[in-house]
Amino acid sequence: MGDNGSMPIDDQLSAAVDVARAAADEAADAGTVGDHLRAVEDGERLVSHLFGCRKPGYEGWYWSVSISRAPDSDKVTVNDVVLLPGDDAIVAPVWTPYRDRIRPGDLSPGDVLPPDEDDVRLVPSWSAGDGEEQTEDRFFAREVGLGREWVLSIEGRELAADRWQDGDQGPESAIAQQAPGICHSCGFLVSLAGPLSERFGVCANGMANDDGKVVSFAHGCGAHSGARLSRSAGIQKLPLPVFDTVGVDEVEGF
C-alpha cells in the first residue's frame, strides 16, 4: 500500500478523490466505503485511491479505485474498483491441492485418485528388483508384474511395510499387547505372495476384528487359533447355599 517513489504523483489524479469515491460507491454495497486513506502512484498518469472498508466480516480490507488520464487531457478515467486485503486482514488460508488434503478413507464410490506421474512408490514392472542387494533377473521381474505396467518400487514396499507395522494391525496396538498368541502362529493367517510375505499375512477369522485385513506377523488378538479359556474363566462349581431353599425337607410321619 506504499508509494513506489519513482516519480511525483500526478496532481490532477491525486485530487480526484470525489471521482474515485463515486466509482467505489457505485460498485460497493451501500455504506461499505469508508474514509479516504491515501492515493498511490501506480505509474505515469495512473493513480489508485484507497478507501477503508466497512463491510461486515472484512476488517482490515480496503477499496482500491484505479484512475488514469491521457496525456494533455483533464478527463479522469476510472479503470477498475477492487476490494483488497490489507496487512492485518483476515483472509482464507492458502489453497491446498486436494492431493495434499485427501486422507485414507476419504474416497467415495466413483471417486478417482490417479497416482502422480513421478510417484516414487511405483516402477515399471520390467525394472522390478533393480537396486536390491540380490537383484532378480528380468524374467522373474516380468512374472512378478503379472502383466501389469507398474509395480511397487522398493521404496513403495518399505512405506507400506512401515505403515502396516505401525498401524492398528501391528504389534504395538492395545489388542496385540494382550493377545494370547501372535498372528505368525495362528491357523487363521493366510499367507501373502511377493516381497512382503515374510512379514505380513491376511487374517481369515470371521470373528476377529482384523478379518480380511493385512496383519503383521507380530500382531495378535484374542481370536488366535490357539487361544484357550483359563481355569478362572471356566465354569465354576458354586458352594452349597447358606439357606437351602432348593432341597425338600423330610418331615416325620409322612
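General remarks:
- Two-site label geometry, Leu196 and Glu155: point separation in nm, points 7 Å out along Cα→Cβ: 1.8
- Among the GluC sites (Glu not before Pro) in segment 8-55, those placed in a DSSP loop whose Cβ has at most 11 other Cβ atoms within 10 Å are Glu44.
- Rounded to the nearest 20 debye, the dipole size of segment 11-85 about its Cα centre is 140 debye, using +1 on the Cβ of Lys and Arg and -1 on the Cβ of Asp and Glu.
- P(r) for segment 156-222, from all Cα pairs and a bin width of 5 Å, is 4, 20, 32, 27, 12, 4, 0 %, short bins first.
- With R₀ set to 41 Å, the beta-carbon distance separating Ala15 from Tyr98 gives a calculated FRET efficiency near 0.25.
Read-outs: derived from the displayed coordinates by stated rules, not from any lab. Predicted, not measured: the structure shown is a model, and the values here were computed from it. Cβ: placed from backbone, ideal geometry, glycine included. Neighbour counts: every protein chain shown.
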